[in-house]
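The values are calculated or read from the model by the stated rules, or taken from the named source; none is laboratory data. Since the structure is predicted, the reported quantities are computational estimates derived from the model, not experimental observations. Glycine gets a Cβ as well: all are built from the backbone with ideal geometry, and neighbour counts include every protein chain shown.
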């Protein structure tokens with residue numbers, strides 16, 4: 001008996017001391033499902049190389065904002081969060097985020113961090129978010145189907161007429177092959193991939209400072225007509241009408257879609273998860289020429305008052321290293337450090353170069369009520385796109401959305 | 001000595017009674033504690049929050065009845081409430097239309113009765129969220145069951161997206177809820193049917209009453225309480241409907257299936273207006289209590305009848 005106690009005591013001492021030596025801390029980090037390809041890889045790489053650890057939770061895209069809000073209110077928020085950059089202003093305004101201005105400015109490469117991210121990460125001259133992952137919207141096409149349809153597989157559509165014509169030719173292959181795909185009931189997907197068509201043609205849906213909704217434009221009307229005509233000709237699978245974003249990527253990855261607007265993330269996801277799909281990447285074109293892109297992605301933000309700040313900084317430092325940037329790029333995020341972007345992309349798929357260029361010239365709308373206006377499944381933008389792509393009353397739907405969006409903007413708390 | 005004993009006896013009795021009361025209180029204490037912790041305190045908290053501008057993140061401050069004034073102008077909430085009422089009426093009728101014949105069918109012992117009862121009741125043990133996920137797959141136009149099956153069997157020329165327009169989407173939800181809930185209502189109604197004394201029915205038969213007359217004059221009046229219970233459960237459940245519309249339809253097509261609870265959820269956790277959501281909840285609570293009182297009054301025991 002005494003022997004046993006002695007052994008137990010010894011075990012306790014050994015265990016205790018080994019814990020004492022390590023003194024590793026674990027920080028909890030959340031990411032939305034868009035990052036489910038690259039985020040686990042970079043967390044693994046970090047955990048292998050450091051004593052401090054990061055525990056990652058992947059949250060569905062549509063749930064992460066309400067979930068984080070609820071967790072923050074209940075005091076169980078993660079230490080840091082890879083947050084859709086669009087939300088940084090409203091989260092910072094709510095006093096939810098740690099001010100990281102000093103640390104950010106002490107980074108030697110601060111000036112070469114993605115400007116779209118830093119702009120949305122800054123609120124009242126203080127920095128609350130730093131770029132983590134970057135994603136630019138692009139157009140992707142299936143080269144195998146293009147070849148079968150008698151099209152040049154190396155040449156993607158460069159204007160709206162070519163999109164419609166190519167989609168029709170691919171669609172003519174018949175069977176379960178369809179010409180075009182988009183998520184017709186997903187506000188977030190369409191702000192990302194549909195508005196660039198409008199931007200590239202000279203229009204916009206919000207004024208520069210986000211204070212006016214500007215839906216009543218010939219450019220928006222024209223882009224709507226492009227999608228409507230393809231729906232009418234049955235070039236789009238019936239499921240698109242009710243797709244809330246679940247098939248945004250999966251539809252093209254199944255290999256029977258000719259053309260689909262998508263994002264840079266698709267390059268990494270297709271290469272690693274669907275290596276058999278032969279696809280091309282090009283810019284989202286304007287009506288006759290030109291192109292545009294939505295510069296999106298995530299800002300890395302720190303929950304106010306976290307005790308794991310050191311771990312979080314160490315993790316972000318690692319993500320900004322050449323090794324980190326290369327891992328991110330390889331699995332679907334564009335580099336966010338301009339000074340080493342070329343090196344990070346050097347050995348990777350050349351299609352990334354198109355996406356990196358799209359990112360560099362991409363646009364990001366700014367609004368503190370972005371979720372209510374655009375991303376909410378029941379917001380005016382989501383309702384409008386579904387009505388105008390599939391419904392009968394296009395003008396009524398646009399007018400209704402214009403009015404609702406403006407009233408949401410006007411009622412927003414003036415911060 | 002004896003007088004003292006006689007005098008203390010009632011006192012002791014009183015003491016005993018008092019102690020018994022205390023013991024009684026002790027017995028109900030766990031139940032009371034549950035009600036206080038999980039109902040009364042949250043209710044008070046909700047009422048308190050409804051008087052504040054209370055964002056999910058950041059500082060909150062008192063605004064009196066401001067939220068309630070805003071509700072008066074919130075047309076989308078009233079639309080949601082109107083849709084909820086419409087849904088409640090339709091789904092309650094549908095549930096009873098299906099559950100009552102089922103109850104009559106499984107009430108009396110016959111071969112395989114237990115099998116039928118179990119079969120009809122089974123969907124009731126599935127949670128609403130998992131049932132919704134199951135049906136959202138069944139209803140999917142590209143990879144589900146109904147539309148692809150009808151297409152493959154040659155019943156339709158091109159796949160029909162059941163969830164894309166209001167009527168088919170709405171009736172798909174009704175079908176799903178009836179499938180899920182009718183079995184439970186059936187069990188309640190069956191219990192009511194079984195509690196009707198058989199001799200009443202036999203007496204009526206001897207008096208020459210037909211099956212419809214017996215149903216109307218004996219079965220229905222004697223099932224008043226059971227019907228009240230089933231009705232209140234169904235109405236209250238339907239007014240609080242959320243899961244199926246959130247998971248299968250996301251309030252679509254085009255926000256036409258936003259229920260009151262869905263709107264409260266959106267205001268609280270999408271727009272982060274917790275205080276406003278709390279005020280909406282209070283309004284819904286008042287509506288629900290009023291409706292339940294009306295139902296109890298309608299189905300009260302008629303005078304002079306035991």
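What to note about this one:
- Annotation: of all residues in the range A:56-76 being in contact (Cβ under 8 Å) with a residue 60 or more places away in the chain and assigned to a helix (DSSP H, G or I), the one that is surrounded by the fewest Cβ atoms within 10 Å (Cβ to Cβ) is A:72.
- Qualifying residue in the range A:121-140 (condition: in a helix (DSSP H, G or I) and away from chain B (no Cβ under 14 Å)): yes
- Among (1) touching a helix residue (DSSP H, G or I) at 6+ places or on another chain (Cβ under 8 Å); (2) crowded, with 22+ Cβ neighbours inside 10 Å, the one test that residue A:91 misses: (1)
A quick yes/no check of all residues on (1) in contact (Cβ under 8 Å) with a residue 40 or more places away in the chain; (2) more than 14 Å from chain A (Cβ to nearest Cβ):
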position	(1), (2)
B:20	no, yes
B:38	no, yes
B:41	no, yes
B:51	yes, yes
B:54	yes, no
B:61	no, no
B:66	no, no
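- Here A:302, A:236 are screened, and the one residue that is buried (at least 21 other Cβ atoms within 10 Å of the Cβ), without any contact (Cβ under 8 Å) to a residue 60 or more places away in the chain and in contact with a helix residue (DSSP H, G or I) (Cβ under 7 Å, 6 or more places away or on another chain) is A:236.
- Unique match (being modelled with pLDDT of 90 or more and either farther than 25 Å from residue A:361 by Cα or in contact with a strand residue (DSSP E or B) (Cβ under 7 Å, 6 or more places away or on another chain) (or both)) among A:104, A:62, A:94: A:104
- The range A:178-196 - residue that is out of contact with any strand residue (DSSP E or B) (no Cβ under 6 Å at 6 or more places or on another chain) and part of a helix (DSSP H, G or I) and, of those, farthest from the other protein chains (Cβ to nearest Cβ): A:195
Let's see how each residue does on (1) modelled with pLDDT of 85 or more; (2) surrounded by fewer than 21 Cβ atoms within 10 Å (Cβ to Cβ); (3) more than 23 Å from the chain's Cα centre (by Cα):
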site: A:310; (1), (2), (3): yes, yes, yes
site: A:315; (1), (2), (3): yes, no, no
site: A:322; (1), (2), (3): yes, yes, no
site: A:334; (1), (2), (3): yes, no, no
site: A:343; (1), (2), (3): yes, yes, no
site: A:347; (1), (2), (3): no, yes, yes
site: A:375; (1), (2), (3): yes, no, no
site: A:391; (1), (2), (3): yes, yes, yes
site: A:400; (1), (2), (3): yes, yes, yes
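Let's see how each residue does on (1) in a helix (DSSP H, G or I); (2) in contact with a helix residue (DSSP H, G or I) (Cβ under 9 Å, 6 or more places away or on another chain):
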site: B:34; (1), (2): yes, no
site: B:44; (1), (2): yes, no
site: B:57; (1), (2): no, yes
site: B:71; (1), (2): yes, yes
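The rows are residues; the columns are (1) within 14 Å of chain B (Cβ to nearest Cβ); (2) surrounded by fewer than 23 Cβ atoms within 10 Å (Cβ to Cβ); (3) assigned to a helix (DSSP H, G or I); (4) modelled with pLDDT of 95 or more.
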residue	(1), (2), (3), (4)
A:209	no, yes, no, no
A:216	no, yes, no, no
A:227	no, no, yes, yes
A:247	yes, no, no, no
A:269	no, yes, yes, no
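- On the stretch given as the range B:102-117, residues that are closer than 30 Å to residue B:243 by Cα and loosely packed, with under 12 Cβ neighbours inside 10 Å total 1.
- Candidate set from the range A:385-415 (those that are touching a helix residue (DSSP H, G or I) at 6+ places or on another chain (Cβ under 6 Å) and closer than 23 Å to residue B:268 by Cα); member that is farthest from the other protein chains (Cβ to nearest Cβ): A:405
- Boolean, residue B:94 is crowded, with 16+ Cβ neighbours inside 10 Å, under 19 Å from the mean Cα position of the chain (by Cα) and closer than 17 Å to residue B:192 by Cβ: no
- Test: residue in the range B:247-264 that is away from chain A (no Cβ under 14 Å), at pLDDT 90 or above, touching a helix residue (DSSP H, G or I) at 6+ places or on another chain (Cβ under 7 Å) and under 12 Å from residue B:88 (Cβ atoms): no
- Qualifying residue in the range A:40-59 (condition: within 14 Å of chain B (Cβ to nearest Cβ) and within 23 Å of the chain's Cα centre (by Cα)): yes
- Some residue of the range A:284-298 being touching a strand residue (DSSP E or B) at 6+ places or on another chain (Cβ under 6 Å), modelled with pLDDT under 95 and in a helix (DSSP H, G or I): no
Every residue, every condition in (1) within 22 Å of residue B:233 (Cβ to Cβ); (2) loosely packed, with under 11 Cβ neighbours inside 10 Å; (3) at pLDDT below 95; (4) assigned by TED's automatic domain parsing to the domain that holds residue B:187, yes or no:
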| position | (1), (2), (3), (4) |
| --- | --- |
| B:11 | no, yes, yes, no |
| B:39 | yes, yes, yes, no |
| B:61 | no, yes, yes, no |
| B:64 | no, yes, yes, no |
| B:83 | yes, no, no, yes |
| B:87 | yes, no, no, yes |
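- Residue in the range A:348-368 that is within 20 Å of residue A:193 (Cα to Cα) and within 14 Å of chain B (Cβ to nearest Cβ) present: yes
- The range A:360-414: number of residues that are in contact with a strand residue (DSSP E or B) (Cβ under 9 Å, 6 or more places away or on another chain) and assigned to a loop (DSSP other than H, G, I, E, B): 7
- Residue within the range A:235-242 that is away from chain B (no Cβ under 14 Å) and in a helix (DSSP H, G or I) present: no
- Of the helices (runs of 4 or more DSSP H) lying entirely inside the range B:99-193, those containing at least 1 residues that are within 14 Å of another protein chain (Cβ to nearest Cβ) span B:128-138, B:146-152.
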